Amino acid sequence: GAVVSQHPSWVICKSGTSVKIECRSLDFQATTMFWYRQFPKQSLMLMATSNEGSKATYEQGVEKDKFLINHASLTLSTLTVTSAHPEDSSFYICSARDQYSPNRNTQYFGPGTRLTVL
Amino acid sequence: KQEVTQIPAALSVPEGENLVLNCSFTDSAIYNLQWFRQDPGKGLTSLLLIQSSQREQTSGRLNASLDKSSGRSTLYIAASQPGDSATYLCAVPNSGNTPLVFGKGTRLSVIA
């Protein structure tokens, strides 16, 4: 149980295009999902907190108009990188919290999406 | 603001050695602490989670300890194997509802 999937697992796009990344909790409901970004040889840095049915909360320095987050259901959050540029190339990882689990504060991580912007 | 530090940044050991990875955090008001493994280009694999009320957790050859008051955790790996080569990340939330703050990781190489 407690599986989180991400799609796509990797994507290559041209500069200026938009890319959507999906994060799904497969066997549990997640009112809260988190989006992290990891640059090469760096650790994971939180980008935003995605709350079902409400606006996402962005970390300082993360442009909300560039990284659009939608959490329309209890099992799906999407991150759209708009007008992508080469500096947006990174590994994007989501996590979800199973609110009904006995250990409901455990976060389960997706496998990540590698974005390369040419 | 919570900060997590991991030492050493990289470690290379011969196969069979026991080793210890260190993690420290600045704010001791943590809910739990997790250790993850990350293989190159891959996502995270959760290894151990220690609740704030616990002192240690064990899983196979792995043992993680937690000393909240001093803001430290260690991950002990017994009888290391080449397959243990990966980056090991330590992470803490400040409370149950906040996201994880990660250390920069320790890159482990186990040489056959």
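So for chain A, averaging the separation of alpha carbon pairs under 8 Å that are six or more residues apart and normalising by length, what relative contact order in percent results?
On the way: 301 pairs, mean separation 42.2, N = 118.
Contact order relative to length: 36 percent.
Express the C-alpha Rg of region A:43-118 as a ratio against the empirical globular expectation 2.2 N^0.38 Å, rounded to two decimals. Before the final figure, lay out each step's value.
On the way: Rg = 13.3 Å, N = 76, 2.2 N^0.38 = 11.4 Å.
So region A:43-118 has a normalised radius of gyration of 1.16.
If I model a spin label at A:Glu87 and B:Gln81 as a point 7 Å from the Cα along the Cα→Cβ vector, what separation in nanometres do I get?
Going by the 7 Å Cα→Cβ label model, 4.4 nm.
What's the lysine pair count for the protein assembly as shown at a Cα cut-off below 13 Å, pairs eight or more apart or interchain? Write out the running numbers ahead of the final one.
Values: A:Lys20/A:Lys66; A:Lys41/B:Lys42; A:Lys41/B:Lys104; A:Lys55/A:Lys64.
For the protein assembly as shown, the number of qualifying lysine pairs is 4.
Might you tell me the accessible area per residue for the protein assembly as shown, computed with a 1.4 Å probe and given in Å²? Display every interim value, and only then the final one.
Details: 11200 Å² over 230 residues.
Ligands and nucleic acids excluded, the figure is 49 Å² per residue.
Tell me, rounded to the nearest percent, the portion of alpha carbon pairs in the protein assembly as shown spaced more than 30 Å apart.
Details: 6541 of 26335 pairs.
Tail of P(r) above 30 Å: 25 percent of Cα pairs.
What total accessible area, in Å², is buried where chains B and A meet, using a 1.4 Å probe and rounding to the nearest 100? List each step's numbers first, then the result.
On the way: alone 6040 and 6590 Å², together 11200 Å².
By this definition, chains B and A bury close to 1400 Å².
So how do B:32-43, A:15-26 stack up, highest first, on mean other-Cβ count within 10 Å?
On the way: B:32-43: 18.4, A:15-26: 16.8.
Averaged packing, sorted descending, gives the order B:32-43, A:15-26.
Kindly tabulate the residues in region A:29-51 with an accessible-area decrease of at least 10 Å² between the chain alone and the assembly of all protein chains, using a probe of 1.4 Å.
A:Phe34, A:Tyr36, A:Gln38, A:Lys41, A:Gln42, A:Ser43, A:Leu44, A:Leu46
Would you tell me the mean number of C-beta atoms belonging to other protein chains that fall within 10 Å of each C-beta in A:106-113, as a whole number? If you can, show how the numbers build up before the last one.
Numbers: counts 6, 8, 2, 7, 2, 4, 5, 1.
Partner Cβ neighbours, averaged per residue: 4.
Sorted from largest down, what three extents in whole angstroms do the Cα atoms of chain B have along their principal axes?
Sorted largest first, the three principal extents are 41, 28, 20 Å.
Determine the residues within region B:82-112 where the difference in accessible area between the chain on its own and the full set of protein chains amounts to at least 30 Å²; count protein heavy atoms only and use a 1.4 Å probe.
Buried by the other chains: B:Gly96, B:Asn97, B:Pro99, B:Leu100, B:Phe102, B:Lys104.
Considering only protein heavy atoms and a probe of 1.4 Å, how much of the accessible area of region A:1-40 is carbon and sulfur, as a whole percent? If you can, show how the numbers build up before the last one.
Values: 1130 of 2040 Å².
With neighbouring chains kept in place, the figure for region A:1-40 is 55 percent.
What Cys residues in chain A have no fellow cysteine's beta-carbon under 4.7 angstrom?
Cysteines lacking a close Cβ partner in chain A: A:Cys13.
What average number of partner chain Cβ atoms lie no more than 10 Å from the Cβ of the residues making up B:28-37? Kindly include the intermediate steps, with their values, before the conclusion.
On the way: counts 0, 0, 0, 1, 3, 0, 2, 0, 2, 0.
Partner Cβ neighbours, averaged per residue: 1.
Stokes-Einstein at 37 °C, 0.692 mPa s, Kirkwood radius from Cα pairs: D for region A:1-105 in µm² s⁻¹? Don't skip to the end; give the middle numbers.
On the way: Rh = 14.1 Å.
D = 233 µm²/s.
Out of the total accessible area of chain B (probe 1.4 Å, heavy atoms of protein only), what percent is carbon and sulfur? Before the final figure, lay out the partial values.
Values: 2560 of 5330 Å².
That fraction is 48 percent.
The values are calculated or read from the model by the stated rules, or taken from the named source; none is laboratory data. Predicted model, so just to flag it, every value in this text is computed and none were measured. No Cβ is skipped: glycine too gets one built from the backbone with ideal geometry, and neighbour counts run over all protein chains shown. Calculation scope for accessible area: heavy atoms of the full protein, side chains included, ligands and nucleic acids excluded. Shrake-Rupley method; radii C 1.70, N 1.55, O 1.52, S 1.80 Å.
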